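For reference, the structure discussed in these notes is given below.
Values in this text are rule-based calculations from the coordinates and carry no lab data. Computed from a predicted model, the values in this text were never measured in an experiment. Cβ sites come from the backbone with ideal geometry, for glycine too, and all protein chains shown count toward neighbours.
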Amino acid sequence: MDIKAIGMGLAFALMWSSAFTSARVIVEYAPPLSALALRFLISGLLGVLVAWILGQSARLSRTQWFGVVIFGICQNALYLGLNFVAMQTIPASLAAIIASTMPLLVALAGWLIFGNRVRPLGVAGLIAGVLGVVLIMGARLQGGIDVYGLILCVIGVISLTIATLAVLGASSGGNVLMIVGLQMLVGSAILWVPALTFEVWDVTWNWQLVVAFAYTTLVPGLAATLVWFLLVGRIGAVKASTFHFLNPFLGVAIAAVILSEEIGALDVLGVTIIAGGILAVQLSKQT
């Protein structure tokens, strides 16, 4: 792994982790699904426009179109849609912790569903990850966390796992920025259905909402997704996923600094265990 790949991985982890904090601000002042659908519409159109200017084509292979649709549905519509709704009632730090278990779920799915061999270090990492999640969830449930929001986040991370399993096929063959824009438009199209059906456009306009929406649209939305696709194409999905071990730390830290969310000792311990588990799982795949 070269210096450029390391820099891309660190940038992705920081941008991805910050999305939970900016999303928490957005849902304070705007309906979650409508805001997310609008965000994807803007990000998607920008991505497609820039890709077209750069000479990229929307003539994708069947494998790429499959990846675009699956990624758009599972990550953008389901994972982020459920998380935006959930963050009306749960802290951004908890949503970040749950989402950060995705590499563990990918490894577990590979083991149980696809029959992939898991080395002892990987098994230890999976066990550690489960223990870390149990530790955090136990502490949060005792503290009165909203169970409905928690369930939505769990369903969301399962959807993110499916999207991650599909991303390699979508990122192969070039036209990366065009693919990023198209999968965002897929997510937007799907999200508008429940948004227009169930939500009322009741927005409290202020600078916090404007800044959070602009940041979420351009940085975690467009830039982070583009960097992730490029990183996977450069070093492969397995090595790229190693950077996810930073997400529990960064997600909790950013929420604590920006939103002043309280972080307990069990949260810190659980996050450390989960991060160690993620790192162990990823390193076991490289040995």
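Order by neighbour count: M137, M178, fewest other Cβ atoms within 10 Å first, most last.
Fewest to most other Cβ atoms nearby, the residues stand as M137, M178.
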Query raised in the report: So for the chain, taking the charge dipole from beta-carbon charges (+1 Lys/Arg, -1 Asp/Glu), which of I145, L104, L33 sits furthest toward the positive end?
Result: L104
Query - Total formal charge among the other residues, if their Cβ is under 15 angstrom from that of I3, Lys/Arg +1 and Asp/Glu -1 - result: +2
Query raised in the report: When the chain is treated as a GNM, springs tying every alpha-carbon pair under 10 Å, which of G264, G129, G44 comes out with the largest mean-square fluctuation?
Result: G264
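If each DSSP helix of 4+ residues adds -39,500 (n - 2.57) and the sum is divided by the residues in the chain, what number results at 222 nm, nearest 500 deg cm²/dmol?
-25000 deg cm²/dmol
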Report task. Specify which residue in the list F229, I273, N76 is farthest towards the positive end of the charge dipole of the chain, using unit charges on the beta carbon of Lys, Arg (+1) and Asp, Glu (-1), about the Cα centre. Result -> F229
Report task. Report relative contact order for the chain in percent, whole number only (criteria: Cα-Cα under 8 Å, sequence separation at least 6). Result -> 42 percent
Query raised in the report: Can you tell which of G181, G221, G55 shows the greatest fluctuation in a Gaussian network model of the chain with Cα springs below 10 Å?
Result: G55
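List the DSSP H helices in the chain whose Cα atoms stretch 20 Å or more along the helix axis and whose mean Kyte-Doolittle hydropathy is at least 0.5.
3-29, 32-53, 120-142, 147-171, 176-198, 265-286
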Report task. Work out how much length E28 to I263 would gain on full extension: take 0.36 nm times their residue separation and subtract the Cα-Cα distance, in nm to one decimal. Result -> 82.6 nm
Query raised in the report: Does the chain come out rounded, prolate or oblate by the C-alpha gyration tensor, with a ≥ b ≥ c the root eigenvalues, rounded set by a/c under 1.5 and, if not, prolate when a/b is larger than b/c and oblate if not?
Result: oblate
Requested in this report: For a label point 7 Å from the Cα of V210 along Cα→C-beta, name the residues of the range 23-46 whose backbone N is under 14 Å from it.
Outcome: none
Query raised in the report: Would you list M15, M87 from fewest to most Cβ contacts within 10 Å?
Result: M15, M87
Report task. Taking 7 Å along the Cα-to-C-beta vector as the label spot, tell me the L49-I155 distance in nanometres, rounded to one decimal. Result -> 3.4 nm
Query - Check: the range 3-286 dipole with +1 on Lys, Arg Cβ and -1 on Asp, Glu Cβ, in debye - result: 1080 debye
Query raised in the report: So, counting K/R as plus one and D/E as minus one, what does the shell of residues with Cβ under 15 Å around L279 add up to?
Result: +3
**Report entry** Additional length obtainable on full extension of the chain from R234 to L131, 0.36 nm per residue less Cα span
**Finding:** 33.8 nm
Requested in this report: Add +1 for every Lys or Arg and -1 for every Asp or Glu among the other residues with Cβ under 13 Å from the Cβ of D267, and state the total.
Outcome: -1
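Looking at the chain, identify the longest residue range that excludes and avoids all trypsin sites (Lys or Arg not before Pro) in DSSP loops having at most 10 other Cβ atoms within 10 Å.
For trypsin sites (Lys or Arg not before Pro) (loop position, at most 10 other Cβ atoms within 10 Å), the longest site-free span of the chain is 118-287.
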